[in-house]
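Have a look at the structure below, then the notes.
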Amino acid sequence: MVGSTIAEQKKALRKQIKVLKNALTEPERIKKSANIFDQVEALELFKNASTVLLYWSMSDEVHTHDFVLRWWKKKTILLPAVDGDVLRLKVFTGRECLKNGELMQIPEPVGPEFEAVSSIDVIVVPGVAFDKNNYRMGRGRGFYDKLLTTTETTTLGVCFDFQFVDEVPVEAHDKAMSRIIMA
């Protein structure tokens, strides 16, 4: 990819990962996701966390639904809600609090925005690809890039093993994850 622009590199990598995601069966996705979240649960920083930002997964992402449902009564679980070009954080209070959001109909919590961003102990971040330097590449809308510039909270990038590459194209605004967890 020498000589190609960062945008072209990102487009090619997204296409490559999409092919691999499409080859993953639903049972494999669920099993790998459970393995990833077993690793998250084993971390002291998660055990000690009281407020955790997760995400309600789309069908091609590391599956979070079971994890969110397992922990929402024990910890404050936040989920993002898309508002234009930013993510608003909202407390998950049960499956019945979800409504389809404006972007790709991803379920989002209803209710007031959670504004105490500095009180978040751990942020679990999805991505299209991650690399050995803990950088991530998302879907290209910049939602997490904007959010992560507002906090120094520990970030855990979660992915399937085929989403871990030697190097993702990095731009000045990109922030490395604290840790990548994969299966």
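If you check Met137 against the conditions, is it touching a Cys at 6+ places or on another chain (Cβ under 9 Å) and surrounded by 16 or more Cβ atoms within 10 Å (Cβ to Cβ)? Here the answer is no, as Met137 does not meet what is asked.
Scanning the stretch 65-86 for residues that are touching a Leu at 6+ places or on another chain (Cβ under 7 Å) and surrounded by fewer than 19 Cβ atoms within 10 Å (Cβ to Cβ) turns up just one, Val82.
Tell me which residues, restricted to the stretch 61-91, are in a loop (DSSP other than H, G, I, E, B) and more than 23 Å from Asp145 (Cβ to Cβ). Passing the criteria: His63, Trp72, Lys73, Lys74, Lys75.
With respect to Ser57, is the statement that it is more than 26 Å from Thr154 (Cα to Cα) and among the small types (Gly, Ala, Ser) true? Considered against the rule, which asks whether it is more than 26 Å from Thr154 (Cα to Cα) and among the small types (Gly, Ala, Ser), Ser57 comes out as no. Within the stretch 111-125, identify whether any single residue is among the aliphatic types (A, V, I, L, M), in contact with a Cys (Cβ under 8 Å, 6 or more places away or on another chain) and surrounded by 12 or more Cβ atoms within 10 Å (Cβ to Cβ), and answer yes or no. No, the conditions are met nowhere in the stretch 111-125. Is it the case that some residue within the stretch 26-34 is within 14 Å of the chain's Cα centre (by Cα), part of a helix (DSSP H, G or I) and surrounded by 15 or more Cβ atoms within 10 Å (Cβ to Cβ)? Among the residues of the stretch 26-34, at least one is within 14 Å of the chain's Cα centre (by Cα), part of a helix (DSSP H, G or I) and surrounded by 15 or more Cβ atoms within 10 Å (Cβ to Cβ), which makes the answer yes. Summed over the stretch 145-160, the residues that are in contact with a helix residue (DSSP H, G or I) (Cβ under 7 Å, 6 or more places away or on another chain) and closer than 28 Å to Asn22 by Cβ give a count of 4. Here Phe46 clears all of (1) assigned to a helix (DSSP H, G or I); (2) under 14 Å from the mean Cα position of the chain (by Cα) except the condition numbered (2).
Checked against (1) touching a residue at least 40 places away in the same chain (Cβ under 8 Å); (2) closer than 23 Å to Gln9 by Cα, Val82 passes all but a single condition, namely (2). Applying the selection to the stretch 1-15, what residues are part of a helix (DSSP H, G or I), exposed (fewer than 14 other Cβ atoms within 10 Å of the Cβ) and of a type outside the set (A, V, I, L, M, F, W, C)? Correct list: Glu8, Lys15.
In summary, no strands (runs of 3 or more DSSP E) completely within the stretch 100-183 bear 1 or more residues that are without any contact (Cβ under 8 Å) to a residue 24 or more places away in the chain and more than 22 Å from Phe37 (Cβ to Cβ). Considering Asp60, Asp38, the condition of being surrounded by fewer than 21 Cβ atoms within 10 Å (Cβ to Cβ), in contact with a helix residue (DSSP H, G or I) (Cβ under 8 Å, 6 or more places away or on another chain) and not basic (Lys, Arg) is satisfied by Asp60 alone.
No lab work stands behind these numbers, since they all come straight from the coordinates. Predicted model, so just to flag it, every value in this text is computed and none were measured. In this analysis, Cβ positions are derived from the backbone assuming ideal geometry, glycine residues included, and neighbour counts consider all displayed protein chains.
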